[in-house]
Amino acid sequence: MPTSVSKSTSLDRPIRLGTRRSPLAMAQASEARARLCAAHGWDESAVDLMPVIASGDRIQDRPLAEIGGKALWTRELDIWLEEGWIDGAVHSMKDVETLRPEGFAIAAILKREDRADRLLGAESVIALPQWATIGTSAPRRAAQLLHRRPDCRVVTFRGNVATRMAKLAAGNVDATFLAAAGLNRLGENAVGARLAPEDWLPAPGQAAIGIECRAGDERMRAIFAAIDHAPSHDEVMAERALLEGLGGSCHSPVAALSRIDGDELVLRAAIYSADGAIRIEDEARFARTDRDAPRELAHSLLRDAPEQVRSLFDGAA
């Protein structure tokens, strides 16, 4: 168990939080800093933000799955954390690969934002014009779209929020999707049509900010634990256990929605064929800290799926 840290904790130097340099990542890191300082009664100067340009931000012309997957969002921060240049790394949890280095620990999950996607360019998926061209690089979004609107055409669409909004405004595509949480954190609360997550399932880990530190750094683990939101933590860990059971990667169309119900957690999940024609969905209810049940849900989904879907998930091997 991490040692406890009181509000009167004194620091001999500022805590260094690593973050990607994109505007959204910086907004997330600023939120983490504000919550840390509020929890411990510190001035904002007690926490320094250390931005890095991630490989995933530098390479924008190809799908993430073709150039190294989710590790491109964490690689540089992992090096900084391992070498001791930062005390913690702030991550968008949907972008963190499922299996992490043993020397790291997820010390805190902040209270989750809105998990919904927003559709930019139309009032709803049904309202999209026939044969519309939709920009997205997320297999989940592409598969869900094509499942409902097989007439649509999906094209690769990468870049930060502002870049994708500019591409849409320039007429490169008819519509695109963005996460409501990211738009909200950037002050773009009124942009796009919200797709209810109960109807349009989000990505595992969507809307959750996490702080990772060195597993053996008990002091930092305790400091960060002060802003851990237990319900959000349990939800995200269950969704990550589901991904582990599926063997999901950047190539894998998988969606999940969890909710806390007392001492239990209810997890809905769906997997798709790449073209969206096939959808396999199931739900499980289990104790909030049970990590085996989400993996069993994953195995159940894979058992029910045809080969063309199982082939997209390493957990079917």
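On inspection, PHE157 passes the criterion of being in contact (Cβ under 8 Å) with a residue 12 or more places away in the chain and more than 19 Å from VAL254 (Cβ to Cβ).
Of the candidates ILE86, ILE106, ILE79, the single residue that is touching a residue at least 24 places away in the same chain (Cβ under 8 Å) and either surrounded by fewer than 21 Cβ atoms within 10 Å (Cβ to Cβ) or part of a loop (DSSP other than H, G, I, E, B) (or both) is ILE86. Set side by side, the residues ALA143, ALA203 differ, and just one is in a helix (DSSP H, G or I) and not charged (D, E, K, R), which is ALA143.
Against the conditions (1) at pLDDT 95 or above; (2) crowded, with 22+ Cβ neighbours inside 10 Å, ALA226 satisfies every one except (2). For region 1-26, the tally of residues that are within 20 Å of LEU81 (Cα to Cα) and either exposed (fewer than 11 other Cβ atoms within 10 Å of the Cβ) or at pLDDT 70 or above (or both) stands at 14.
Looking at region 266-289, can you tell me whether even one residue there is at positive phi and touching a Leu at 6+ places or on another chain (Cβ under 6 Å)?
The answer is yes; a qualifying residue exists.
Looking at region 86-103, is at least one residue over 22 Å from ALA203 (Cα atoms), in contact with a Cys (Cβ under 7 Å, 6 or more places away or on another chain) and either of a type in the set (Phe, Trp, Tyr) or not assigned by TED's automatic domain parsing to the domain that holds GLY159 (or both)? Looking for residues that are over 22 Å from ALA203 (Cα atoms), in contact with a Cys (Cβ under 7 Å, 6 or more places away or on another chain) and either of a type in the set (Phe, Trp, Tyr) or not assigned by TED's automatic domain parsing to the domain that holds GLY159 (or both), one finds at least one in region 86-103, hence yes. Between ALA143, ALA180, ALA132, the distinction of being in contact with a Lys or Arg (Cβ under 7 Å, 6 or more places away or on another chain) and at pLDDT 95 or above belongs to ALA180 only.
Just to be sure before I move on: is ARG35 in a helix (DSSP H, G or I) and modelled with pLDDT under 90 in the structure I sent? Against the criterion (in a helix (DSSP H, G or I) and modelled with pLDDT under 90), ARG35 does not qualify. Among the residues of region 116-132, some residue qualifies, meaning at least one is in a loop (DSSP other than H, G, I, E, B), over 26 Å from GLU239 (Cα atoms) and acidic (Asp, Glu).
Check region 78-92 and report whether any residue there is within 30 Å of ARG148 (Cα to Cα), aliphatic (A, V, I, L, M), at pLDDT 95 or above and in contact with a strand residue (DSSP E or B) (Cβ under 8 Å, 6 or more places away or on another chain). No; the residues of region 78-92 include none that is within 30 Å of ARG148 (Cα to Cα), aliphatic (A, V, I, L, M), at pLDDT 95 or above and in contact with a strand residue (DSSP E or B) (Cβ under 8 Å, 6 or more places away or on another chain). The residues of region 206-225 that are assigned to a loop (DSSP other than H, G, I, E, B) and in contact with a helix residue (DSSP H, G or I) (Cβ under 7 Å, 6 or more places away or on another chain), listed by number, are GLN206, ALA207, ALA208. On the given criteria, is LEU178 outside any helix (DSSP H, G or I), under 21 Å from the mean Cα position of the chain (by Cα) and hydrophobic (A, V, I, L, M, F, W, C)? Taking the combined requirement at face value, the residue satisfies it. Within region 204-222, the residues that satisfy the criterion of being crowded, with 24+ Cβ neighbours inside 10 Å and small (Gly, Ala, Ser) are GLY205, ALA207, ALA208, GLY210. If you take the residues of region 140-160 that are in contact with a strand residue (DSSP E or B) (Cβ under 7 Å, 6 or more places away or on another chain) and surrounded by fewer than 19 Cβ atoms within 10 Å (Cβ to Cβ), which of them is farthest from GLN206 (Cα to Cα)? If we take residues in region 140-160 being in contact with a strand residue (DSSP E or B) (Cβ under 7 Å, 6 or more places away or on another chain) and surrounded by fewer than 19 Cβ atoms within 10 Å (Cβ to Cβ), then ARG153 is farthest from GLN206 (Cα to Cα).
Being farther than 24 Å from GLU239 by Cα and either modelled with pLDDT under 90 or part of a strand (DSSP E or B) (or both), is that true of even one residue in region 67-76? Yes: one or more hits.
The values are calculated or read from the model by the stated rules, or taken from the named source; none is laboratory data. Quantities reported herein were computed from a predicted structural model and do not represent experimental measurements. Cβ coordinates were reconstructed from backbone atoms using ideal geometry, including for glycine residues, and neighbour counts include every protein chain displayed.
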